[in-house]
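Please read the structure below before turning to the comments.
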Amino acid sequence: MANIISEIIENEVIANLDNKLRVVSAGAVIDGVQTIEVCNVKWLQLYNQFNSGVVVDSITGNSVNVQVTTPIEVGQVLEIEKPKFFHGTPLNTVQEWHEFSTNEKEKLPFIWLVTPTIDNYQDRRNTIDIISDCKLFFVHWSNWLELNQNRVNDTIKPLHNLVDAFVSKLNNTPTYLDKLDSNGTRKEYPKFGTETRQGIEEVIMNSTLGAISLDVNLKIKKSHYCEC
């Protein structure tokens, strides 16, 4: 069942995340830098550029300073990259994450579905086939040498925006998933690693990371997948 759930998450949820940002105001270009405002920055802070290659200098609220050669215009739509996706046990996921690329920027941020999931099969008369208890982690780089509040601002807050978009899409994938009974339970990890009584002190992927966990029950509809 984990394969079916991972396919739905990867191909129907993450692949269809709303990653478009519409420009609502645009200033003049000064020394190659332009200030634009978008309706919602979403998870842009997790990247240093848009899909088009426009480099982001800084973000304040919904105002973004970008490096440009061609001015961005009001009404223009810019796109953010979508996160990578991994699924598996902790041991397997750590190994796959390392093998994916030697360049961390190419594999961050990422969403990790922990498997195996706990799957509750429903009565045949039910339109829902399986209710799956899922744990996911939304992960990005985090500076462990900084103050905790800086890690929250730089990593955790934009990850919450990514989780918001993910949960919204879970509620809007009607072919495969019924609407959520709740939007799940979250836990913040400004440091994401091996946890001890003293807290998290050791990295788990040979990298300093931060994360948000999401525990959520997915209700998978009948007749929209094949186990063959």
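We did not get these values from a lab; they are worked out from the coordinates using the rules stated. As the structure is a prediction and not an experimental result, all values here were calculated from the model. When we count neighbours, we look across all protein chains shown, and the Cβ atoms used for this are built from the backbone with ideal geometry, even at glycine.
To the nearest whole percent, what portion of all C-alpha pairs in region 1-55 is separated by more than 18 angstrom? Provide the component values of the computation, followed by the final result.
Values: 754 of 1485 pairs.
Within region 1-55, distances greater than 18 Å cover 51 percent of Cα pairs.
Return the tail of the calculated pair distribution for region 1-148, meaning the percent of Cα-Cα pairs more than 24 Å apart. Write out the running numbers ahead of the final one.
Working: 5272 of 10878 pairs.
Result for the distance tail: 48 percent.
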### Message
Need one number: nm distance between label points at N171 and N153, each 7 Å from Cα along Cα→Cβ, rounded to one decimal.
### Response
3.0 nm
### Nearest-0.05 FRET efficiency for R197 and Q76, computed from C-beta distance (R0 45 Å)
0.30
### Task
Check the straight Cα-Cα distances from K42 and name the lysines below 23 Å, setting aside those fewer than 8 residues away within the same chain.
K20, K82, K84, K105, K107, K135, K157, K169, K179, K187, K191
### Task
Could you pull the Cα extents of region 20-79 along its three principal axes, largest to smallest, in whole Å?
26, 21, 20
### Task
Would you give the gap between the C-alpha center of region 59-105 and the C-alpha center of region 1-21, rounded to a whole Å?
16 Å
### Total charge dipole magnitude, region 1-157, about the Cα centre, Cβ charges on Lys, Arg, Asp, Glu only, Debye to nearest 20
240 debye
### Query
How long is the gain from T60 to L91 if the chain were fully straight, where each residue apart is worth 0.36 nm and the alpha carbon distance is subtracted?
7.4 nm
